[in-house]
Structures are given as C-alpha cells and as structure tokens.
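The values are calculated or read from the model by the stated rules, or taken from the named source; none is laboratory data. On a predicted model such as this, the values are computed, not experimentally measured, just so you know. Every residue, glycine as well, gets a Cβ built from its backbone with ideal geometry; the counts of neighbours run over all protein chains shown. Accessible surface areas use protein heavy atoms only, side chains included; no ligands, DNA or RNA. Shrake-Rupley method; radii C 1.70, N 1.55, O 1.52, S 1.80 Å.
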Amino acid sequence: QVQLVESGGGLVQAGGSLRLSCAASGSFRFPVMGWYRQAPGKQRESVAFITVGGSTNYSDSVKGRFTISRDIPKNTVYLQMNSLKPEDTAVYYCYGDRVFSKYWGKGTQVTVAS
C-alpha cells in the first residue's frame with residue numbers, strides 16, 4: 001500500500017521560506033498530488049495541487065508566494081513556501097488523489113513567528 005511521508009516543516013520567522021517534501025512509496029504515480037493545511041481552530045483547506053502532467057492550482061491566499069512542483073522519478077512532490085506569514089502557521093498534509101481514494105500523509109508542522 002502507498003505511503004506518503006512529509007518532511008521539511010519547522011519554525012521560521014515571518015518573511016522566511018521553507019520547502020516541504022512529500023515522498024510516495026512504490027512505483028504508482030498519482031494523477032494528482034497536493035497539499036492541504038489546517039490551522040488551529042480552522043477548517044482544513046486546500047493549498048495547492050499538481051497533476052502528473054504538470055498542471056498546477058493554488059489557493060488565493062498562497063498564490064504568488066508558494067510553488068508546487070513534482071519530481072516524477074523520485075515520486076516526490078514539493079511545496080516551496082516563500083514570504084511566509086503568521087497566518088500560514090498550520091499542519092500541512094500531503095495527499096495523493098486516485099479519484100476513487102485519497103492517500104494522506106501524517107502531516108508536518110509549519111510555524112511562522114511574527
């Protein structure tokens with residue numbers, strides 16, 4: 001069964017950058033992979049996703065600051081986060097979408113200090 005493992009979270013100052021990684025096990029390539037986040041007291045929200053063909057989509061709140069990318073041979077998706085704001089503080093969850101089922105990572109904490 002496919003496993004998704006996130007890494008790269010941590011504590012940064014406002015205006016700083018982080019790059020999150022999500023490595024999927026096995027040889028299967030998800031048609032869509034992406035990131036959700038959940039801040040304390042808030043609903044989980046979609047951040048960005050990328051298709052196997054390279055098409056991307058971003059939420060309005062991160063557009064222009066975050067970049068999602070994918071390394072097909074490594075079966076890994078990345079989220080480059082620049083100009084981080086305190087409101088970006090959340091647990092970030094990687095997912096792979098097979099349409100009939102979604103696979104989720106365990107999450108990685110991102111904390112942006114003001």
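Couple of notes before you dig in:
- Euclidean distance between Cα centres, segment 69-114 to segment 2-29, Å: 6
- Residue of Gly41, Gly64, Gly96 that the Gaussian network model of the chain assigns the largest fluctuation, springs spanning Cα pairs under 10 Å: Gly41
- For the set Glu87, Glu45, the ranking by accessible area, highest first and with no ligand, DNA or RNA atoms included, is Glu87, Glu45 under a 1.4 Å probe.
- Placing +1 on each Lys and Arg Cβ and -1 on each Asp and Glu Cβ, with no other charges, gives the chain a dipole about its Cα centre of roughly 140 debye.
- Segment 59-114: relative contact order in percent, alpha carbon pairs under 8 Å with at least 6 residues between: 28
- Positive-end residue of Gly64, Ser17, Ala48, charge dipole of the chain with Cβ unit charges: Ala48
- The residue among Val99, Thr89, Val77 whose Cα reaches farthest toward the positive pole of the charge dipole of the chain, with charges on the beta-carbon of Lys, Arg, Asp and Glu, is Val99.
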